[in-house]
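What follows is calculated from the coordinates using simple rules that are stated; it is not laboratory data. Just so it is clear, the structure is predicted and the values come from calculations on it, not from any experiment. Virtual Cβ from ideal backbone geometry, glycine too; neighbours counted across all protein chains shown.
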């Protein structure tokens with residue numbers, strides 16, 4: 001386990017340093033913003049307005065469900081794992097000018113695993129990729145860029161991002177297995193109000 005953590009930390013330092021370019025900064029800032037619900041929500045609504053059409057209500061229920069599940073799983077893991085973020089792990093090296101970390105945005109120190117931005121964007125991308133297969137490639141490409149941006153801005157280790165990807169895809173798989181069959185048949189979601197005939 002220790003060797004895995006060391007590899008993860010070294011990979012972070014390499015990616016964070018080697019990718020850093022002034023012209024990439026605004027691109028990565030926009031990519032990382034997509035993991036924020038404030039920006040992702042209106043974009044998701046626009047996507048459904050363009051492609052869902054008759055199934056807008058169904059798709060919204062599925063999207064809300066996968067977002068909620070990924071949030072619960074991801075937030076629970078954050079508080080259980082308590083992994084320190086790169087700026088905390090490398091604090092002494094940064095202070096002594098032995099290590100340099102490229103940081104964009106706020107300086108974050110705690111609850112690194114998993115990446116919240118990553119599980120947020122991947123839960124959306126994986127669900128919409130299944131609903132609108134023609135958009136799968138650009139959706140996953142954008143989601144992957146968001147995940148990579150979390151390393152670029154100095155907020156997360158690669159394993160944090162990988163964990164976010166798994167949670168996002170897993171939450172969609174749960175929704176497609178448990179909730180999609182119900183909404184397809186006109187039934188309320190399992191947690192919805194039950195109508196007694």
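At a glance:
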| item | result |
| --- | --- |
| Taking segment 1-115 and dividing mean pair separation by its residue count, relative contact order in percent (alpha carbons under 8 Å, at least six apart) | 29 percent |
| For segment 43-90, convex hull volume per residue from C-alpha positions, Å³ | 77 Å³ |
| Shape metrics for segment 10-83, restricted to C-alpha atoms - Rg then Dmax, Å | 17.0, 49 |
| Mean Cβ neighbour count within 10 Å, used as a protection proxy, ranking 115-125, 168-178, 61-71, 75-85 highest first | 115-125, 61-71, 168-178, 75-85 |
| Cα-only Debye scattering, the chain: base-10 log of I(q)/I(0) at q = 0.16, 0.18 Å⁻¹ | -0.98, -1.17 |
| Principal semi-axes in Å for segment 41-128 [√(5λ), Cα gyration tensor, largest first] | 36, 15, 7 |
